[in-house]
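These notes are about the structure you will find just below.
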Amino acid sequence: MGVLRFDQGPSLLLLPHLFHETFHDLGTSLATEGVELVKCEPNYNIHFHDATSIKLSTDIALMKEEIERFEGKDGFERYLGFLQESHRHYELSVKHVLKKNFYSLLSMLRMDFLWNVLALHPFESIYTRASKYFYTERLRRVFTFASMYMGMSPFDAPGTYSLLQYTELAEGIWYPIGGFHKVVEALVNIGQRLGVDYKFNTPISQIQLSDDQKRATGVILQDGTVLTADTVICNADLPYAYNHLLPASSFARALLKRKASCSSISFYWALDQQFPQLTAHSIFLAEDYKESFDSIFKKHLIPDQPSFYVNVPSRVDPSAAPPNRDSIVVLVPVGHLQDSTTNSHNGSQAGTPTQDWPTMVAKARTIILQTIESRLNIALGPHILHEEINTPPSWKDAFNLDRGAILGLSHSFFNVLSFRPRTKHASIQGLYFVGASTHPGTGVPIVLAGAKLVAEQVLAGLGRGDRVPWGRGEGKGEGKKSALDRVGAGWGWEWVVVVLVAVLAAVFARGGR
């Protein structure tokens, strides 16, 4: 059948400057490490229920034509206004959120943050903000579906996250030739040159602590081997780490009750021919747009009419499939598991928990194939030579994801910034966390930004803050520059922050739907 390749996880490289920055910080570059990025054009083809479609692109002339087709002559000016706002969200978020740590609620009292927080529209939804610029329901959907990247409904995701649309429309969508694993391989190679000793496929059973449980001293492997360390950085899914690798605690139990992102049923199809009707990235939007998201995020169901994403990597990278064939990935967002122990799910009807995953997968497959055929007039089913599938239980089992939630904890306002689990353990010295469920959040480039923050914290904790190679150490004492940043500075001020934020939320939440 030849070699076919699928990206099991991310398939869109966004915020490319964060990738370039990471490699630059390591004294090299993507190009030097053999990572070739290609730009996807168009960004997407977005298909509506009645077989009409729209292209999204960084080409401003094309966007003018596409916008005016749906919104009329004045629509393009409103589109530019949307870009201006989303650009502001992007710049402020990178400067004040992605590149700053939030050690406690007091960290939100930084004047540079408070001065700009309302400009980020955190108390209005993405959909509400988009509705101020786009008058047709179709374009409101087109410019809000990207909230799925955060594992949230556009009717609940803070307006701040329109920054995702900005980076796509201004910087474009990129893809690493050879697949996303090329980026991982490059980082591994850099580490090996710098003396890192990797131990792959080596599960650990717990993080080892000192006798008084106040310091991390290493890890214990599943075979009983102890690896000692001065510092432990854990990138396991955070709820799993706290509940399975550390002693029981009320915080660990509370993590299991926090709002989580969605899961997915993902299909990986090897086809016996190419279908040019499918571009590198295609979105199929549900006719009942809001109901499809409510099914996922409020009822935790598999929606009857899902919005879903189709990726054809072979369209931009011929090495992903043999000549004249396609490799296709279909990601269908679904609600997360209701019970991680039994893998039970609400299925497609509330109140009827089920573990019948073969039936649920078959139903999702049928809906996807029927939708693609009705909108593009192509029948993929007879041309599928091979199929792989991921479901909420398989995501949970393969990557220890709590409730099978593929994007970690939710990104609602009270689950980000100082409210999100911190990158350093509150009471165990030498223990740090990085990944989707800690600050600053989910997504490969965002996690890279978080990794940089943790690296600075670790060096500061070891008394080597002045040795940050990229020249931005956060100073002494775990990087806390002022009294407002100190963990444990006293709960009096923290309650003031809680009240302040709650009042702001109450004032602005009315316009958030």
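The values are calculated or read from the model by the stated rules, or taken from the named source; none is laboratory data. This structure is a prediction, so every number in the text was calculated from the model and none was measured. Every residue, glycine as well, gets a Cβ built from its backbone with ideal geometry; the counts of neighbours run over all protein chains shown.
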Worksheet item: Any idea how many residues of segment 229-265 are buried (at least 23 other Cβ atoms within 10 Å of the Cβ), in a loop (DSSP other than H, G, I, E, B) and small (Gly, Ala, Ser)?
Response: 1
Discussion item. Please count how many residues of segment 298-312 are hydrophobic (A, V, I, L, M, F, W, C) and either over 21 Å from the mean Cα position of the chain (by Cα) or farther than 12 Å from LEU278 by Cα (or both).
Written reply: 3
Practice prompt. Determine which member of the set ALA216, ALA260, ALA229, ALA236 is within 24 Å of the chain's Cα centre (by Cα) and at pLDDT 95 or above.
Written response: ALA236
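One line per residue, one yes/no per condition, for (1) in the same structural domain as PRO276 (by TED's automatic domain parsing); (2) within 30 Å of ASP317 (Cα to Cα); (3) in contact with a strand residue (DSSP E or B) (Cβ under 8 Å, 6 or more places away or on another chain):
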residue	(1), (2), (3)
LEU37	no, yes, yes
LEU56	no, yes, yes
ALA61	no, yes, no
PHE76	no, no, no
LEU83	no, yes, no
LYS95	no, no, no
ILE126	no, no, yes
Worksheet item: Here are some conditions: (1) within 26 Å of ASN415 (Cα to Cα); (2) in contact with a Lys or Arg (Cβ under 8 Å, 6 or more places away or on another chain). ASN235 meets all but one. Which one does it not meet?
Response: (2)
Worksheet entry | Among the residues listed as LEU62, LEU30, the single one being in contact (Cβ under 8 Å) with a residue 12 or more places away in the chain, among the hydrophobic types (A, V, I, L, M, F, W, C) and crowded, with 17+ Cβ neighbours inside 10 Å | LEU30
Fill in: Filtered residues of segment 1-60 (kept if among the polar types (S, T, N, Q) and farther than 30 Å from LYS99 by Cβ)
ASN45, THR52, SER53
Worksheet item: GLY224 fails exactly one of the following numbered conditions: (1) free of Cβ contacts under 8 Å to residues at least 60 places away in the same chain; (2) surrounded by 13 or more Cβ atoms within 10 Å (Cβ to Cβ). What is the number of that condition?
Response: (2)
Worksheet, complete the sentence: If we ask which residues in segment 431-460 are over 28 Å from SER11 (Cβ atoms), at pLDDT below 95 and not hydrophobic (A, V, I, L, M, F, W, C), their number turns out to be 2
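So is TYR135 touching a Gly at 6+ places or on another chain (Cβ under 9 Å) and surrounded by fewer than 22 Cβ atoms within 10 Å (Cβ to Cβ) or not?
Yes.
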Worksheet entry | Hits in segment 358-387 (condition: out of contact with any strand residue (DSSP E or B) (no Cβ under 7 Å at 6 or more places or on another chain), modelled with pLDDT under 95 and small (Gly, Ala, Ser)) | ALA362
Discussion item. Condition check: in a helix (DSSP H, G or I) and under 18 Å from SER410 (Cβ atoms). Does TYR149 satisfy that?
Written reply: yes
Discussion item. Being more than 29 Å from HIS425 (Cα to Cα) and touching a residue at least 60 places away in the same chain (Cβ under 8 Å) is true for just one of ASP294, ASP230. Which residue is that?
Written reply: ASP294
Item to complete: Select from segment 374-416 the residues that are surrounded by fewer than 22 Cβ atoms within 10 Å (Cβ to Cβ), among the charged types (D, E, K, R) and either touching an Asp or Glu at 6+ places or on another chain (Cβ under 8 Å) or not in a strand (DSSP E or B) (or both) and list them in ascending order.
Response: ARG375, ASP397
Practice prompt. Pick out the one residue from TYR268, TYR289 that is over 28 Å from LEU139 (Cα atoms), buried (at least 19 other Cβ atoms within 10 Å of the Cβ), in contact (Cβ under 8 Å) with a residue 60 or more places away in the chain and among the aromatic types (Phe, Trp, Tyr).
Written response: TYR268
Fill in: segment 333-344: number of residues that are surrounded by fewer than 24 Cβ atoms within 10 Å (Cβ to Cβ) and touching a residue at least 12 places away in the same chain (Cβ under 8 Å)
5
Worksheet item: Among the residues of segment 181-215, which ones are assigned to a loop (DSSP other than H, G, I, E, B), touching a residue at least 12 places away in the same chain (Cβ under 8 Å) and surrounded by 11 or more Cβ atoms within 10 Å (Cβ to Cβ)?
Response: THR202, GLN213, LYS214
Worksheet item: Hey, any hits in segment 313-325 for a residue that's over 30 Å from TYR127 (Cβ atoms), assigned to a helix (DSSP H, G or I), modelled with pLDDT under 95 and over 27 Å from the mean Cα position of the chain (by Cα)?
Response: no
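If I ask for residues that are assigned to a strand (DSSP E or B) and β-branched (Val, Ile, Thr), which ones from segment 26-60 would you list? Lay out the reasoning, then the answer.
Within segment 26-60, the first condition is being assigned to a strand (DSSP E or B), and the residues that meet it are 37-40, 44-47, 53-56.
The answer is VAL38, ILE46, ILE54.
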Response to the item:
Considering residues that are exposed (fewer than 15 other Cβ atoms within 10 Å of the Cβ) and assigned to a strand (DSSP E or B), the number found within segment 1-25 is 0
Discussion item. Scan segment 214-232 and tell me whether some residue there is assigned by TED's automatic domain parsing to the domain that holds VAL416, of a type in the set (Ser, Thr, Tyr) and in contact with a helix residue (DSSP H, G or I) (Cβ under 6 Å, 6 or more places away or on another chain).
Written reply: yes
Fill in: Filter result for the condition that a residue is crowded, with 19+ Cβ neighbours inside 10 Å, among the hydroxyl-bearing types (Ser, Thr, Tyr) and assigned to a helix (DSSP H, G or I), over TYR175, TYR166
TYR166
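Give the residue that is nearest to THR52 (Cα to Cα), with candidates limited to residues of segment 138-180 that are touching a residue at least 40 places away in the same chain (Cβ under 8 Å) and charged (D, E, K, R).
Per the stated criteria, the residue is ARG138.
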